[in-house]
Amino acid sequence: MATGVGMSRLRFFIALFLLVLGAGQGTGAEPPGLSLVVSDANPVYANAAGTGILDALTRELFARLGRSARLTRLPSERALRLAAQGEADGDLFRIAGLEEKFPTLVMVPEPWLTMRFVAFTTRTDLAIASWQALSPWRVAFIRGWQVFERNLAKTPTLVRTDDALQLFELLKRQRVDVILYDDLQGEHFKRVLDLPQARIAGPPLAESPIFAYLHHNHAGLAPRMAEELRRMKEDGTWQRIMQADRSGTE
């Protein structure tokens, strides 16, 4: 019959064995997948069919990292809030400097691409070459786009919409004089809404590199993402994805 000391030793060695066994099994386990968000205002970049530029870049990048990632499209403002609160692991499509306003977010220090923000109008008499030139006009943009929020604080007549379709419908119905968007997607929505008379009213008001942001719980992943994205640009993968035909994107 085992003594009390013997039983204690036996229990100790059993517990130690189970601990080592568990550690060994965990070594080969896949890291947990990431829940990422992106604005649904950007169908050329991310869409429900998964055919957007960012959809393809994200799949390639995370495959190289050996991580799985689920990308959810949400209204721009809500997507940013969820990432900042840690309810999502990151927001993949934002301009630089966001961490100043949202200190829980960490920027991946390599841009996906550069967006050109422009003014679209159906009027033939407008030439918009600066933020100040927008002041006399009725201006609309998508709620939550920080590049416009920052630069139009003193513009008296602003309309904010929930998505790009609402934005271009306002222009089509002449409810506003100017809408602000990026040039690539603007051309897409001109086709979708049959609005050929819409034109870009001047040079880009801003050109901004677009970055991914992670919640600070995943800060250690940011430099790895940046390094792999740089490799994609060096080996030609990035260029192939950017140049793919997306004329059927909805």
| Restricting to segment 145-158, what's the tally of residues that are charged (D, E, K, R) and either assigned to a loop (DSSP other than H, G, I, E, B) or in contact with a His (Cβ under 8 Å, 6 or more places away or on another chain) (or both)? | 1
| message | Based on this model, can you work out whether Pro196 counts as modelled with pLDDT of 95 or more and assigned to a loop (DSSP other than H, G, I, E, B)? | response | no
| Which is surrounded by 22 or more Cβ atoms within 10 Å (Cβ to Cβ) and closer than 25 Å to Phe168 by Cβ, of Ala46, Ala83, Ala88? | Ala46
| Is there a residue being more than 25 Å from the chain's Cα centre (by Cα) and touching a residue at least 12 places away in the same chain (Cβ under 8 Å) anywhere in segment 103-122? | yes
| Only one residue in Leu10, Leu21, Leu71, Leu16 is hydrophobic (A, V, I, L, M, F, W, C) and modelled with pLDDT of 90 or more. Which one? | Leu71
| query | Name the pairs: first residue in segment 181-197 and closer than 14 Å to Thr121 by Cβ, second residue part of a loop (DSSP other than H, G, I, E, B) and among the aromatic types (Phe, Trp, Tyr), Cβ to Cβ under 9 Å, at least 6 apart or on different chains? | reply | Tyr181/Trp145
| field | Sole exception among (1) touching a helix residue (DSSP H, G or I) at 6+ places or on another chain (Cβ under 6 Å); (2) in contact (Cβ under 8 Å) with a residue 24 or more places away in the chain; (3) not small (Gly, Ala, Ser) for Ile210, by number | value | (1)
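The values are calculated or read from the model by the stated rules, or taken from the named source; none is laboratory data. Remember, it's a predicted structure, so these values are computed and weren't measured experimentally. Note that each Cβ is placed from the backbone with ideal geometry, even for glycine, and that neighbours are counted across all protein chains shown.
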